[in-house]
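A short worksheet on the structure shown next.
The values are calculated or read from the model by the stated rules, or taken from the named source; none is laboratory data. Since we're looking at a predicted model, the values are computed, not measured. Every residue, glycine as well, gets a Cβ built from its backbone with ideal geometry; the counts of neighbours run over all protein chains shown.
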């Protein structure tokens with residue numbers, strides 16, 4: 001079945017079984033491997049993408065459910081790897097093996113859209129992705145750092 | 001296939017070989033070829049000039065100065081690492097060691113892994129595929145490996161200097177190398193490495209240059225982060241699961257749910273017409289195969305009896321596998337009906353003398369029999385899965401003249417061997433694309449995922465096949481941290497200190513590292529007896545972030561705490577007193593540092609407590625007291641009256657001798673502490689009718705950000721001793737006992753088994 005998608009602002013048409021999870025359509029049919037497979041049951045969050053701006057675990061979303069929706073993946077988080085979160089992640093050396101980090105970044109980006117200066121409690125509540133390497137303390141610090149960067153940039157342009 | 005003894009001897013030998021020398025002759029540094037015959041770049045963003053095919057135009061053609069490094073006319077330096085990157089920074093570390101001596105510009109540095117195929121085809125230019133599979137694996141701070149990489153950089157630097165001196169017609173002693181430039185101070189001239197590389201490649205040195213001693217934090221001053229991080233944050237990093245090739249097809253795998261069982265029957269007709277299905281491959285480990293005379297021994301690695309459904313797309317393969325009727329002959333493993341049955345077997349065995357006496361110093365049994373002050377406790381740790389977040393997977397393309405594989409294995413040479421063995425071809429035909437490793441923790445040392453995909457790809461010659469394990473398949477087909485029980489008995493003297501210790505260990509794996517080689521059992525307690533017994537069981541086991549140690553540190557440090565309590569002494573003071581005569585000052589230094597930093601002994605509200613523990617990993621049974629890495633942890637916990645545990649803070653002090661990159665060490669310490677915490681609080685695999693019960697993170701819980709305590713890493717335990725011991729595994733050990741000891745101080749309850757979440761911690 002042909003399904004129309006909009007991924008990182010670009011129109012795409014895929015011919016797949018409509019029950020195929022969005023994750024595998026992205027990875028296997030569109031060749032976009034930045035979004036990761038970790039558990040397949042929406043527990044680990046490695047597959048997190050934005051669907052119409054909301055952080056969504058793509059391993060359990062049938063592609064037919066997102067036909068026509070705006071999908072953003074890690075490849076589309078910023079055009080130049082300069083999203084404040086990406087900069088903060090490098091500044092604080094957040095990644096270890098890095099496999100969970102795309103999902104972590106996408107979850108954090110959605111959080112910052114909703115709460116531009118999130119509290120620790122808000123971070124705890126919204127960032128529930130699994131990192132087996134144990135980067136959590138740096139993830140928290142980098143989210144705060146990115147929030148501060150965004151705020152400073154907003155102050156400069158105001 | 002069920003020969004666990006073989007595995008243990010292999011593992012042990014391999015681990016010991018971590019310290020074995022890697023010899024490389026001087027000649028190796030001098031070889032230079034015009035061809036770009038290196039490995040496959042992984043996860044690195046290439047400037048467009050580098051990405052383009054090699055050109056003969058001297059204005060853009062890169063120069064291979066040695067097999068280890070290529071310099072481009074635009075000054076981009078491509079370094080080749082013998083170590084893959086699994087998150088611990090090994091690949092960056094290798095590149096930094098070369099860069100330090102090369103004095104090149106780090107911002108223009110790229111890294112790829114060495115080509116093992118080239119190594120076998122060109123007289124071992126890397127010295128990789130000879131000797132032992134571990135020569136180029138394990139920690140990145142092995143003395144021999146560090147010196148080799150520094151020499152690679154120094155050699156190339158000197159040749160660049162000679163090339164510049166010749167061009168200027170000045171003595172080479174007058175030129176200096178600095179940040180990618182060769183400079184002649186007297187005349188103010190300079191040349192970029194990119195301008196000199198072609199000439200430097202032709203230089204033959206009369207004598208290899210000396211390498212500089214490494215000062216503290218030398219590498220952290222060049223770069224703090226890992227070289228792959230920029231690609232990780234924008235999704236461009238390529239892990240094994242991300243490898244792509246034109247025309248690739250996919251496999252979904254199921255192995256015998258009871259390890260060691262056999263495939264009895266399956267019905268292909270039931271799925272033949274499902275969308276995309278191309279076929280089924282049956283993996284039969286008993287199938288006879290050609291014995292290859294390979295010049296390198298790997299770690300024992302075998303496949304289970306399995307079926308693989310192959311389809312055009314992965315989800316099609318998964319759906320078809322789920323729909324496939326399969327019957328298994330469970331084999332003898334099915335006799336293990338439950339975890340309780342295994343526990344019972346272990347606990348019963350603890351009542352009898354061990355089958356091996358690992359250590360018997362003084363007269364422990366006599367001292368125990370004569371003593372009236374006996375402390376006794378039994379501890380247990382369950383099966384646990386490494387659970388790296390990237391599921392096991394591999395891709396292979398088999399054609400008449402070559403076997404090409406893409407793999408996120410943690411030991412390139414192991415992947416290389418497994419591919420050759422399973423394809424039944426000599427090394428010369430094997431081409432390995434070493435990909436980034438999405439977490440290892442010991443699980444990716446084996447290459448069983450690669451073995452399976454090569455077996456499948458042989459049935460689809462000319463087509464790249466990728467097999468991806470589901471999380472459930474991976475968790476139930478592990479190489480686990482084994483199930484262990486230990487009974488410890490001590491006789492306390494009049495001063496409350498242990499005069500004798502007897503440890504009886506019963507387990508489903510092998511080894512006592514972390515028990516027989518720690519300070520207490522090496523001269524500090526005068527009478528020591530350690531006995532072990534192995535319970536033969538079908539469940540496969542392997543390395544898991546410090547195998548053995550992660551259990552024994554819990555046993556020993558909980559028990560020492562129980563002795564301190566019985567002696568009515570402060571747990572810190574008790575340990576300091578016990579360690580008074582220890583030849584390694586690092587232990588006491590770490591204890592004092594972590595206690596001071598964590599505010600040991602401060603007044604806490606009811607329901608809160610601090611606990612302390614210390615251990616050492618990585619000394620490999622060395623008699624040298626200053627070996628391995630000592631790590632001491634203070635845990636601060638809070639337990640509500642209803643029994644809810646919250647770990648508030650973990651402080652760690654450590655002594656690995658010296659440190660080259662502080663932030664990289666901090667990252668490993670933080671991660672190691674959380675790994676140890678998750679292991680202690682959460683991890684447990686259960687058995688039902690021979691099968692592993694837990695299959696995914698809903699049943700095998702993982703700490704999340706909200707559960708993360710404050711993690712503090714302190715450097716004041718370092719002794720400055722001339723070693724750079726490992727840092728990834730040591731922090732795992734002391735966390736569990738520190739937390740258990742803190743729970744005791746908060747609630748009065750002793751926790752003697754993992755996972756802690758299963759204990760009733762209510763208090764009044």
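Quick notes on this one:
- Scanning segment A:82-101 for residues that are crowded, with 24+ Cβ neighbours inside 10 Å, more than 7 Å from chain B (Cβ to nearest Cβ) and outside any helix (DSSP H, G or I) turns up just one, A:94.
- Filter pass, residue B:746 being within 14 Å of chain A (Cβ to nearest Cβ), over 23 Å from the mean Cα position of the chain (by Cα) and either outside any loop (DSSP other than H, G, I, E, B) or surrounded by 21 or more Cβ atoms within 10 Å (Cβ to Cβ) (or both): no
- Flag for residue B:664 being within 9 Å of another protein chain (Cβ to nearest Cβ), out of contact with any strand residue (DSSP E or B) (no Cβ under 6 Å at 6 or more places or on another chain), within 23 Å of residue B:746 (Cα to Cα) and not in a strand (DSSP E or B): no
- Against the test of being at pLDDT 95 or above and outside any strand (DSSP E or B), the options B:292, B:365 yield a single qualifying residue, B:365.
- Across segment B:229-259, the number of residues qualifying as facing chain A (nearest Cβ under 10 Å), in contact with a helix residue (DSSP H, G or I) (Cβ under 7 Å, 6 or more places away or on another chain) and part of a loop (DSSP other than H, G, I, E, B) comes to 4.
- Selection within segment A:16-56 - surrounded by fewer than 20 Cβ atoms within 10 Å (Cβ to Cβ) and in contact with a helix residue (DSSP H, G or I) (Cβ under 8 Å, 6 or more places away or on another chain): A:17, A:18, A:19, A:41, A:42, A:51, A:53, A:54
- Considering residues of segment A:72-81 that are crowded, with 16+ Cβ neighbours inside 10 Å and more than 10 Å from the chain's Cα centre (by Cα) only, the residue nearest to the other protein chains (Cβ to nearest Cβ): A:81
- Taken together, the residues in segment B:639-661 that are more than 30 Å from residue B:141 (Cα to Cα), crowded, with 19+ Cβ neighbours inside 10 Å and more than 14 Å from chain A (Cβ to nearest Cβ) amount to 2.
- Residues of segment A:127-151 satisfying the condition of being part of a helix (DSSP H, G or I) and facing chain B (nearest Cβ under 7 Å): A:136, A:137, A:139, A:140
- Criterion: touching a helix residue (DSSP H, G or I) at 6+ places or on another chain (Cβ under 7 Å) and either at pLDDT below 95 or outside the structural domain of residue B:685 (by TED's automatic domain parsing) (or both) - qualifying residue of B:491, B:485, B:457, B:513: B:513
- Scanning segment B:173-189 for residues that are surrounded by fewer than 16 Cβ atoms within 10 Å (Cβ to Cβ), over 40 Å from the mean Cα position of the chain (by Cα) and not in a loop (DSSP other than H, G, I, E, B) yields a total of 3.
- As a summary of the residue check, residue B:641 satisfies the conditions (1) modelled with pLDDT under 95; (2) within 25 Å of residue B:762 (Cα to Cα) except for the one numbered (1).
- Candidates A:88, A:11, A:46, filtered to the one that is over 14 Å from the mean Cα position of the chain (by Cα) and outside the structural domain of residue A:133 (by TED's automatic domain parsing): A:11
- Residue in segment B:448-466 that is farthest from the other protein chains (Cβ to nearest Cβ), counting only those that are out of contact with any strand residue (DSSP E or B) (no Cβ under 7 Å at 6 or more places or on another chain) and buried (at least 21 other Cβ atoms within 10 Å of the Cβ): B:451
- Test result for residue B:125, out of contact with any strand residue (DSSP E or B) (no Cβ under 8 Å at 6 or more places or on another chain), surrounded by fewer than 24 Cβ atoms within 10 Å (Cβ to Cβ) and not assigned by TED's automatic domain parsing to the domain that holds residue B:293: yes
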